[in-house]
Amino acid sequence: MDHIIGQPRPGAQDELVGTQASAPLVSDGSQATFMQDVIEASRSVPVLVDFWADWCGPCKQLAPALEKVVTAAKGRLRLVKIDIEANRALTAQLAQVGLPLQSIPLVAAFWKGQILDLFQGALPESEIKKFVEGVLKAAGGGTLPATELLEQANVALETSQPEHAAELYSAVIGEEPENPKAWAGLIRAMLALDDEEAASAALADVPEKIADAPEVAGARAALELKKEGRKAAQEMEEVHARLAANPNDFDARCELATGLNAAGKREEAADELLAVIKADRNWKEGAARLQLLRFFEAWGHDDPATLAARRKLSSLLFS
């Protein structure tokens, strides 16, 4: 094993060209194939090496999630599985170059013949994705296909293309059924299309495992506010009349805020609730503040309207 970490043997690159296109995404490796399957293959695509053993319970827990993420990458990286018990000489040699193989599972990412990054332990799928994203970025700026689709969907939604956004979010869900950002995006795209029924149906289809994820919670709040806003908009003329007769009709002012939010006038909606809080922060046990917090959740905590209103709210509460 003189070629584990070093220059390829003579003729290796010619062989690689012929085998690279047909190489499986997930394969079992050995001491005899390590040079070709890992070192030489990593000169054109990142290769993850999963060091495992049959007696290792966490290894068996990690394997399905790891293989799922690699398969979803659609050829942007590969996975080679090495049984350390069946390949003791290889394990010993790799330990000499710094791999901490005394504790498995261990996954090492190889790129251009060198170890790029590694992790130990049975990480959850979400953490494996983060690791793979980091490897792809370090190896040339790539990312997972589902991540690219999600980014495209977000851009489509932000640029008033909700129908296209919905298609892209659905495609992401097809790849990653438990992606909370994709489900939340799909619900918001349906709301942008004024299709509350479809948004409600999408919300009902969200997997239970991610039903309480912050992204899904925000989309749920947006749907609820959409329904409330539609009702408030229908009663807006009456609300204005009530406020004209009594500017301190806080119920009417809160209804006005809901209607303004439904019309997309976020700053004005926040200002109505802030006016109530300024006049009586304890009105109905802080109902105006709680409604404003619902707005923040629905808008997103990084939305400019949220940031501006939160600053005003803090000024009122802590002045």
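Here is how the numbers come out for the structure above:
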{"item": "The chain: antiparallel DSSP beta bridges as a percent of all, rounded to 5", "result": "55 percent"}
{"item": "Net charge dipole size for the chain [Lys, Arg +1 and Asp, Glu -1 on Cβ; Debye, nearest 20]", "result": "840 debye"}
{"item": "Heavy-atom accessible area per residue - the chain, 1.4 Å, Å²", "result": "51 Å²"}
{"item": "Highest-first arrangement of 61-71, 301-311, where packing means the average Cβ count within 10 Å", "result": "61-71, 301-311"}
{"item": "Nearest-20 debye value, segment 20-147 charge dipole, Cβ charges on Lys, Arg, Asp, Glu", "result": "380 debye"}
{"item": "Given charges at beta-carbon only (K, R positive; D, E negative), |dipole| of segment 193-319 in Debye", "result": "600 debye"}
{"item": "Sequence-separation-based contact order of the chain, relative, with Cα cut under 8 Å and 6+ spacing, percent", "result": "11 percent"}
{"item": "Nearest-10 value in Å² for the accessible area of D54, using the 1.4 Å probe", "result": "100 Å²"}
{"item": "Using alpha-carbon coordinates, inclination of helix 145-158 to the longest axis of the chain, degrees", "result": "20 degrees"}
{"item": "Helix 250-262 axis, angle to the chain major axis (alpha carbon atoms, nearest 10°)", "result": "50 degrees"}
{"item": "Heavy-atom SASA rank of L116, L157 (probe 1.4 Å, accessible area, largest first)", "result": "L116, L157"}
{"item": "Folded to 0 to 90 degrees: helix 304-318 orientation relative to the chain principal axis, Cα", "result": "60 degrees"}
{"item": "Under 19 Å from K74, Cα to Cα: aspartates and glutamates that are on another chain or at least 8 residues apart", "result": "D28, D37, D50, E125, E127, E133, E148, E151, E175, E176, E178"}
{"item": "3J(HN,Hα) from dihedral phi, segment 81-90, Karplus parametrisation 6.51/-1.76/1.60, rounded to Hz, x for glycine, proline", "result": "9, 10, 7, 5, 6, 7, 9, 5, 5, 5"}
{"item": "Among G57, I82, S42 - extreme Cα towards positive end, dipole of segment 23-112, charges at beta-carbon", "result": "S42"}
{"item": "Segment 146-229: C-alpha gyration tensor shape, a/c 1.5 cut-off, then a/b vs b/c", "result": "oblate"}
{"item": "Entries of K130/K226; K60/K112; K137/K265 with Cα pairs more than 32 Å apart", "result": "K130/K226; K137/K265"}
{"item": "Gaussian network model of the chain, Cα within-10 Å springs - most flexible of V132, V97, V206", "result": "V97"}
{"item": "Under 12 Å from the Cα of K227 - aspartates and glutamates, other chains or at least 8 residues apart", "result": "D194, D195, E196, E197"}
{"item": "Per the chain, cysteines lacking a partner by the 4.7 Å Cβ criterion", "result": "C254"}
{"item": "Accessible surface of the chain [probe 1.4 Å, protein heavy atoms]: carbon and sulfur percent", "result": "51 percent"}
{"item": "Residue among Q120, Q102, Q161 with the largest mean-square fluctuation in a Gaussian network model of the chain, springs linking Cα atoms under 10 Å", "result": "Q102"}
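The values are calculated or read from the model by the stated rules, or taken from the named source; none is laboratory data. Just so we're clear, the structure is a prediction, and the values are computed from it rather than from any experiment. Counting neighbours? That spans all protein chains shown, and the Cβs are built from the backbone with ideal geometry, glycine included. The accessibility values were calculated without ligands, DNA or RNA, using every heavy atom of the protein model including side chains. Shrake-Rupley method; radii C 1.70, N 1.55, O 1.52, S 1.80 Å.
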